[in-house]
Amino acid sequence: MTAAALLPPSPPPDFAELEAEFEIRLPEELREWWSTCGGTDGDVLADVLPPFYTPYSAQRAWEVWSGHRKTWAAQWERPACDYYAGSPGSSYHPAWIPIAGDGFADELVVDLRPGPMRGCVLEWEQEAGQVQRPEWRGISAMLSDVHRSLTEGAPAGHSHPTVTEDGRLDWQIR
């Protein structure tokens, strides 16, 4: 049931246009993700990624990122974040590209700041206005962790997969 909510990318993402808008080169993992996953329709939530995140299409990611740019305009050029990927931050950084949301305001973002952790996945907490440590080293690691969790019943990060009575995937935080 959860998988049925995911859409193919339509139309396929224009990566040259996205990179111009984001003003950053997108890593191959992110290009592959958006070439295969088109998010969901409108306000449909499909908690595919733990603990409760629905994937964004490339277009939706750009819309969300643009919203952050407006919200954080006063700090956009000088965000209150460390320089290197994977390090904490207490304002939104332009090099954080949202890939999934919880339907409220928290998101998973790919961190494209420089450094050895470039491409890691962070959890953006809107209410606190911050990120902490990386959740995964990259999109491939995130997807592998989810796959392992679903096939072996093991936790993914700090979440354990369950299935609701109506057949939807749900993640329980441990």
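The values are calculated or read from the model by the stated rules, or taken from the named source; none is laboratory data. Just so we're clear, the structure is a prediction, and the values are computed from it rather than from any experiment. Note that each Cβ is placed from the backbone with ideal geometry, even for glycine, and that neighbours are counted across all protein chains shown. Accessible surface areas use protein heavy atoms only, side chains included; no ligands, DNA or RNA. Shrake-Rupley method; radii C 1.70, N 1.55, O 1.52, S 1.80 Å.
Some points to look at:
- Scoring Trp96 on the criteria (1) at pLDDT below 95; (2) open to solvent by less than 10 Å² (accessible area, probe 1.4 Å); (3) within 25 Å of Arg25 (Cα to Cα); (4) not hydroxyl-bearing (Ser, Thr, Tyr) leaves a single failure, condition (1).
- Residue satisfying condition, being more than 18 Å from the chain's Cα centre (by Cα), of a type outside the set (A, V, I, L, M) and within 14 Å of Glu107 (Cβ to Cβ), within set Trp62, Trp72: Trp72
- Total residues in region 130-162 satisfying the condition of being closer than 22 Å to Ile97 by Cα and either touching a helix residue (DSSP H, G or I) at 6+ places or on another chain (Cβ under 6 Å) or acidic (Asp, Glu) (or both): the figure is 7.
- Scanning region 128-144 for residues that are in a loop (DSSP other than H, G, I, E, B) and not charged (D, E, K, R) yields Ala128, Gly129, Gln132, Pro134, Gly138.
- Residues of region 104-125 that turn out to be at pLDDT 90 or above, surrounded by fewer than 17 Cβ atoms within 10 Å (Cβ to Cβ) and under 13 Å from the mean Cα position of the chain (by Cα), as a count: 1
- Residue pairs whose Cβ atoms lie under 7 Å apart, sitting 6 or more positions apart in sequence or on different chains, and linking a residue in region 115-136 that is on the phi > 0 side of the Ramachandran plot to a partner that is open to solvent by 50 Å² or more (accessible area, probe 1.4 Å) and outside any strand (DSSP E or B), are Gly115/Tyr84; Gly119/Glu29; Gly129/Ser90.
- Within region 22-45, residues that are farther than 12 Å from Leu6 by Cα and of a type in the set (A, V, I, L, M) sit with their Cβ atoms under 6 Å from residues that are open to solvent by less than 10 Å² (accessible area, probe 1.4 Å) and not in a loop (DSSP other than H, G, I, E, B), at 6+ positions apart or across chains, in these pairs: Leu30/Val110.
- Exactly one residue out of Ser66, Ser87, Ser91, Ser10 is part of a helix (DSSP H, G or I), hydroxyl-bearing (Ser, Thr, Tyr) and over 24 Å from Trp171 (Cβ atoms): that is Ser66.
- Yes/no for Ser91 being open to solvent by less than 70 Å² (accessible area, probe 1.4 Å), out of contact with any Pro (no Cβ under 6 Å at 6 or more places or on another chain) and over 24 Å from His147 (Cα atoms): no
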